[in-house]
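The values are calculated or read from the model by the stated rules, or taken from the named source; none is laboratory data. Note that the coordinates shown come from a computational prediction; the quantities given were computed from them, not determined experimentally. With ideal geometry, Cβ positions are generated from the backbone for all residues, glycine too; neighbour counts draw on all protein chains shown.
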Amino acid sequence: MIVVETWMSEDLDLGIGDIFRTHAGGGILSGHQISLSSLSTAGSAGLAPSAVWDPGAVANGASVSTTVPVPGAALGDFALASFSLSLQGAILSASVSAPNVVTVLLSNLSGGALDLSSGTVRVLVFKTR
């Protein structure tokens with residue numbers, strides 16, 4: 001089980017391909033490796049929609065937000081966000097707020113004021129089935 005978990009953690013964002021491993025007890029383990037982004041609106045190209053964002057000064061307990069256009073995003077879909085710089089203890093969340101639009105929310109619960117520089121926010125949207 002540990003070996004499989006290690007392969008999965010190493011392979012989640014390496015692309016698409018087949019995996020074959022010889023099992024120590026005999027036999028061959030096979031599987032198909034995919035990137036998380038290939039299951040999202042980014043598709044197999046893995047290009048997550050992005051935008052430049054400068055959250056600026058955020059007081060403790062306050063939140064700031066921005067929107068990122070994501071073609072194909074629909075209300076009820078799952079959304080993930082990342083920021084290219086340290087969040088310095090803040091929490092980043094994302095949700096589809098309208099068709100083709102993801103709202104990214106930065107909440108400062110760090111206990112002190114933050115001043116984040118301009119960076120790139122990226123989002124992935126996973127379709128609900």
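Tabulated data
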item: Selected residue (criterion: nearest to ASP54 (Cα to Cα)) from residues of the range 73-82 that are outside any loop (DSSP other than H, G, I, E, B) and not aliphatic (A, V, I, L, M); result: SER82
item: Condition check for VAL68: touching a residue at least 24 places away in the same chain (Cβ under 8 Å), surrounded by 19 or more Cβ atoms within 10 Å (Cβ to Cβ) and part of a strand (DSSP E or B); result: yes
item: Flag if LEU106 is at pLDDT 95 or above and more than 18 Å from THR128 (Cα to Cα); result: yes
item: Search result, residues across the range 46-77 that are among the aliphatic types (A, V, I, L, M) and in contact with a Gly (Cβ under 8 Å, 6 or more places away or on another chain); result: VAL52, VAL64
